[in-house]
Amino acid sequence: MLRYLPDSFKIRRFTTRQLVAVAIALLVVLALYYNALPHYSDGRRWTPPPVAASRTPPAEWQRRADQVKQAFLHAYHGYETHAMPHDEIRPLSNQFKDNFNGWGVTLFDSLDTMILMDLNDEFRRALPVVEKADFMPSPNVTNKHVGYAPFFETVIRYLAGLLSAYALSHEPILLQQAEKLGSMLSPAFDTPSGFPLFGVNIAQAQGIGSTTGILAEIASCQLEYTYLALLTGNKTYWDKADGVMQGLAQADLTALGGMMPRRWNVETSEPTDQFLSVGAATDSAHEYLLKQYLMTAKSDRTSYQMYLRATNHILTHLLYLSDKRGLLYVTDVSRPGGGPSHRFEHLSCFFPGLLALGADQLDLSLDDLDLSTLGSEGLRSYEILKHYDLRALHKWAAEGLATSCYLLYADQPSGLAPDEPPPSAGNLWIAALERWREGGQRGSPPGLGEKPTVRFTEEELKSVKLRAIKAERRDYYLQRTDYLLRPEACTVESLYLLWRTTGDPIWRERGWAIFEAIERETKTPSAYASIKDVLKSPAPQLDDMPSFFLAETLKYLYLTFLDEDPLPLDRWVFNTEAHPFPVFTWSSWEKEKFGIGKLPS
Ligand code: DMJ
């Protein structure tokens with residue numbers, strides 16, 4: 001072999017001094033790599049398991065991304081043909097429904113996905129519909145939201161859809177309409193606390209809703225209103241977003257370990273229950289703590305403090321390991337010190353992705369925590385966690401949880417995950433982790449590593465008691481068996497984030513398995529349909545295709561299979577409906593204007 005090399009490349013031509021220099025350079029590179037690895041407080045390093053090379057060639061990933069694009073086109077064309085400008089298509093009867101204001105939620109929710117997929121014809125056809133929208137009450141709305149726009153859903157789907165499509169295309173009408181809608185929804189904030197009400201009667205410019213609000217609905221508008229403020233230069237939008245964050249930050253959460261509970265009084269900005277969870281009714285509020293910090297180029301220190309406190313409490317109190325398979329799951333408690341319900345909600349499956357994102361984008365150190373704000377409950381968590389590298393801990397939890405979420409789908413005959421939380425029972429993760437640490441950290445941390453898929457047997461499937469009995473071998477019950485095309489239920493949101501942050505192709509392959517199941521079980525002649533029973537294949541379908549299937553599920557799958565990354569995680573932040581906003585590049589004028597940097601840290 002050597003004889004084919006030009007003389008200058010032959011090794012015998014190197015001097016000893018050159019060889020020593022190369023060896024030193026290699027040692028320096030290795031030392032830097034080792035230093036960058038997570039480590040324990042006693043200085044020992046945790047080495048990640050080796051990442052298996054993907055056996056799927058790049059051309060195949062491109063083909064897979066194209067197939068997701070075709071799926072999007074199939075779903076969107078069905079909507080355009082049978083339902084536009086109404087909200088959603090009914091994919092079995094080819095009828096439509098107006099369940100989110102009747103302004104065409106599927107179209108608004110799909111705009112940025114079209115841009116990302118280079119679907120210019122669809123995007124151009126959508127713009128006149130966007131332009132015509134007056135955001136006034138539609139007579140077609142027949143569901144519970146008659147006479148008002150639900151604030152949370154309208155913000156995360158319509159307002160965010162417009163803003164992210166503007167960020168990607170700079171089409172002026174998108175920003176004009178975003179500003180119009182943002183302003184029309186603003187009466188929601190007319191409460192003594194500045195916390196938004198449940199809805200807005202747009203015709204009368206009045207907020208409506210009960211004094212008790214739900215955390216996720218109160219605290220998932222900060223990204224949208226902050227970005228709107230930046231784009232328009234209108235500080236009042238910033239004040240509204242920041243008012244929510246400050247209200248949450250000022251509440252006394254010491255008894256809850258610093259974690260925000262589910263219900264709040266929107267007049268006093270005080271919590272009204274002690275229910276702690278990352279599932280339904282709370283999920284995106286925790287998500288926005290991290291994402292507001294990231295989007296504001298790590299300026300909004302308040303949200304970072306709150307994220308650290310909340311995740312410390314979750315890591316030490318809400319993560320459990322199931323009995324047999326050792327599946328890591330996140331559950332809820334109705335009061336501090338109360339026993340966990342052991343429910344593992346499908347909606348919680350966004351959480352592993354959030355942990356992975358934080359561990360990827362932040363140094364995540366307990367040194368950043370303001371100990372004076374913790375209270376005894378928070379200090380107890382701190383005392384446990386200080387033995388670990390926080391970043392490593394977040395990565396482990398992300399990986400273990402994402403694997404459990406994936407198995408919820410892989411176990412089912414249809415390959416799709418059940419929507420209703422399958423209650424389980426198990427033991428506190430942090431206790432198992434402490435035993436593993438004290439025992440010399442042999443093997444993978446608890447909850448990580450290979451977990452077997454446990455498919456249903458013919459006998460189990462025939463059992464009339466199937467839905468009620470505990471599926472012993474699986475560690476969870478099946479109480480509801482529907483699959484609603486959600487990004488969380490099939491975990492594609494988390495799989496995307498795990499793939500981008502670890503580079504381990506297993507997450508991508510799992511995403512592909514889910515996409516194949518979606519194609520096989522949910523496709524209809526005109527679109528895609530939610531599923532009634534994941535235990536059957538072919539699965540019985542429901543006459544329903546939610547807009548988040550195009551906004552989130554297909555977008556995350558597409559981005560997972562694309563080789564190049566159009567939205568690097570250090571430059572873009574996804575809202576809770578998967579609409580990307582750019583990370584700010586603050587000029588000092590803007591910082592001055594919005595008061596960022598003067599916030600208490
Ligand atoms: C989406 O509308 C958003 O992700 C929201 O935050 C909760 N989940 C649905 C999709 O399941």
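The values are calculated or read from the model by the stated rules, or taken from the named source; none is laboratory data. Model, not experiment: these values are computed from the prediction. Here the Cβ is made from the backbone with ideal geometry for all residues, glycine too, and neighbour counts use every protein chain on show.
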Confirm whether LEU401 is within 16 Å of the ligand (Cβ to nearest atom) and part of a helix (DSSP H, G or I).
-> no
TRP103 meets each of (1) modelled with pLDDT of 95 or more; (2) closer than 30 Å to PRO568 by Cβ; (3) in a loop (DSSP other than H, G, I, E, B); (4) not charged (D, E, K, R) with one exception, condition (2)
Given the conditions (1) within 23 Å of LYS536 (Cβ to Cβ); (2) out of contact with any Gly (no Cβ under 7 Å at 6 or more places or on another chain); (3) at pLDDT 95 or above, every one holds for VAL492 apart from (2)
Subset of region 519-538 [within 26 Å of ALA165 (Cα to Cα) and either β-branched (Val, Ile, Thr) or away from the ligand (no atom under 16 Å from the Cβ) (or both)] | SER526, ALA527
Scan region 271-303 residue by residue and report those that are surrounded by fewer than 19 Cβ atoms within 10 Å (Cβ to Cβ), in contact with a Phe, Trp or Tyr (Cβ under 7 Å, 6 or more places away or on another chain) and farther than 30 Å from LYS591 by Cβ.
-> THR272
Taking SER93, is it at pLDDT 80 or above and hydroxyl-bearing (Ser, Thr, Tyr)?
-> yes
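Looking at region 435-455, can you tell me whether even one residue there is part of a helix (DSSP H, G or I) and touching a residue at least 12 places away in the same chain (Cβ under 8 Å)? Talk me through it step by step, then tell me what you get.
Quick first cut of region 435-455, residues part of a helix (DSSP H, G or I) only: 435-438.
Now narrow it down to the ones that are touching a residue at least 12 places away in the same chain (Cβ under 8 Å): 437.
The answer is yes, given that some residue of region 435-455 is part of a helix (DSSP H, G or I) and touching a residue at least 12 places away in the same chain (Cβ under 8 Å).
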For region 190-239, what are the residues that are under 24 Å from LEU174 (Cα atoms), touching a Phe, Trp or Tyr at 6+ places or on another chain (Cβ under 8 Å) and either of a type in the set (Phe, Trp, Tyr) or surrounded by fewer than 23 Cβ atoms within 10 Å (Cβ to Cβ) (or both)?
-> ASN201, ILE202, TYR225, TYR227, ALA229, LEU230, LEU231, LYS235, TYR237, TRP238
If you take the residues in region 546-562 that are hydroxyl-bearing (Ser, Thr, Tyr) and not in a loop (DSSP other than H, G, I, E, B), which one is surrounded by the most Cβ atoms within 10 Å (Cβ to Cβ)?
-> THR553
Across (1) farther than 25 Å from LEU319 by Cβ; (2) touching a Gly at 6+ places or on another chain (Cβ under 6 Å), MET245 clears everything bar (2)
(1) surrounded by fewer than 21 Cβ atoms within 10 Å (Cβ to Cβ); (2) modelled with pLDDT under 70; (3) within 16 Å of the ligand (Cβ to nearest atom); (4) not β-branched (Val, Ile, Thr) all hold for ARG480 apart from (2)
Residues of region 261-285 satisfying the condition of being touching a helix residue (DSSP H, G or I) at 6+ places or on another chain (Cβ under 8 Å) and either closer than 22 Å to THR191 by Cα or of a type in the set (Lys, Arg) (or both) = PRO261, ARG262, ARG263, TRP264, VAL266, SER269, PRO271, ALA281, THR282, SER284, ALA285
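Would a scan of region 578-588 turn up a residue that is surrounded by 14 or more Cβ atoms within 10 Å (Cβ to Cβ), β-branched (Val, Ile, Thr) and assigned to a loop (DSSP other than H, G, I, E, B)?
Of the residues in region 578-588, the ones surrounded by 14 or more Cβ atoms within 10 Å (Cβ to Cβ) are 578-584, 586.
Now drop any that are not β-branched (Val, Ile, Thr), which leaves 583.
Adding the requirement that they be assigned to a loop (DSSP other than H, G, I, E, B) leaves 583.
Yes - at least one qualifying residue is present in region 578-588.
Quick one: would you say TYR329 is farther than 25 Å from GLU493 by Cα, out of contact with any His (no Cβ under 7 Å at 6 or more places or on another chain) and aromatic (Phe, Trp, Tyr)?
Values: farther than 25 Å from GLU493 by Cα: no; out of contact with any His (no Cβ under 7 Å at 6 or more places or on another chain): yes; aromatic (Phe, Trp, Tyr): yes.
Considered against the rule, which asks whether it is farther than 25 Å from GLU493 by Cα, out of contact with any His (no Cβ under 7 Å at 6 or more places or on another chain) and aromatic (Phe, Trp, Tyr), TYR329 comes out as no.
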Hey, does region 257-266 have a residue that's out of contact with any strand residue (DSSP E or B) (no Cβ under 6 Å at 6 or more places or on another chain), within 16 Å of the ligand (Cβ to nearest atom) and free of Cβ contacts under 8 Å to residues at least 60 places away in the same chain?
-> yes
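Inspect all residues belonging to region 223-243 and state whether any of them is charged (D, E, K, R), within 16 Å of the ligand (Cβ to nearest atom), modelled with pLDDT of 95 or more and under 28 Å from GLY338 (Cβ atoms).
Filtering region 223-243 for residues charged (D, E, K, R) gives 224, 235, 239-240, 242.
Now narrow it down to the ones that are within 16 Å of the ligand (Cβ to nearest atom): 224.
Going one step further and asking which of them are modelled with pLDDT of 95 or more, we end up with 224.
Narrowing the set further to residues that are under 28 Å from GLY338 (Cβ atoms) leaves none.
No, that holds for no residue.
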Could you run through region 140-172 and say how many residues are in contact with a His (Cβ under 7 Å, 6 or more places away or on another chain), buried (at least 18 other Cβ atoms within 10 Å of the Cβ) and assigned to a loop (DSSP other than H, G, I, E, B)?
-> 0
Which of the residues spanning region 319-331 are in a loop (DSSP other than H, G, I, E, B) and surrounded by fewer than 24 Cβ atoms within 10 Å (Cβ to Cβ)?
-> ASP323, LYS324, ARG325, GLY326
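Would you point out the residue of region 539-597, among those that are away from the ligand (no atom under 16 Å from the Cβ) and among the small types (Gly, Ala, Ser), that is farthest from GLY503 (Cα to Cα)? Give the steps one after another, and end with the answer.
Within region 539-597, the subset away from the ligand (no atom under 16 Å from the Cβ) is 539-541, 543, 558, 560-572, 582-597.
Filter again for among the small types (Gly, Ala, Ser), leaving 539, 587-588, 595, 597.
Numbers: ALA539: 33, SER587: 33, SER588: 36, GLY595: 38, GLY597: 34 Å.
The residue in question is GLY595.
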Looking at region 374-430, which of the residues that are touching a Gly at 6+ places or on another chain (Cβ under 9 Å) and of a type in the set (D, E, K, R) is modelled with the lowest pLDDT?
-> GLU377
Out of ALA397, ALA402, ALA359, sole residue that is more than 25 Å from THR453 (Cβ to Cβ) and either touching a Pro at 6+ places or on another chain (Cβ under 9 Å) or buried (at least 24 other Cβ atoms within 10 Å of the Cβ) (or both) = ALA359
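Surrounded by fewer than 23 Cβ atoms within 10 Å (Cβ to Cβ), within 24 Å of ASN234 (Cβ to Cβ), more than 16 Å from the ligand (Cβ to nearest atom) and among the aliphatic types (A, V, I, L, M): which single residue out of LEU185, LEU175, LEU119, LEU181 fits that description?
Values: LEU185 fails: surrounded by fewer than 23 Cβ atoms within 10 Å (Cβ to Cβ); LEU119 fails: within 24 Å of ASN234 (Cβ to Cβ); LEU181 fails: surrounded by fewer than 23 Cβ atoms within 10 Å (Cβ to Cβ).
None of the other options fit; the residue is LEU175.
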Unmet criterion (only one of (1) away from the ligand (no atom under 16 Å from the Cβ); (2) within 26 Å of ASP239 (Cβ to Cβ)) for TYR288 = (1)
When restricted to ASP543, ASP533, ASP565, ASP570, the only residue buried (at least 18 other Cβ atoms within 10 Å of the Cβ) and in a loop (DSSP other than H, G, I, E, B) is ASP533
Selection count, region 272-285, where residues are near the ligand (Cβ under 10 Å from one of its atoms) and closer than 28 Å to ARG571 by Cβ = 3
THR81 over 28 Å from the mean Cα position of the chain (by Cα), hydroxyl-bearing (Ser, Thr, Tyr) and not in a loop (DSSP other than H, G, I, E, B) = yes
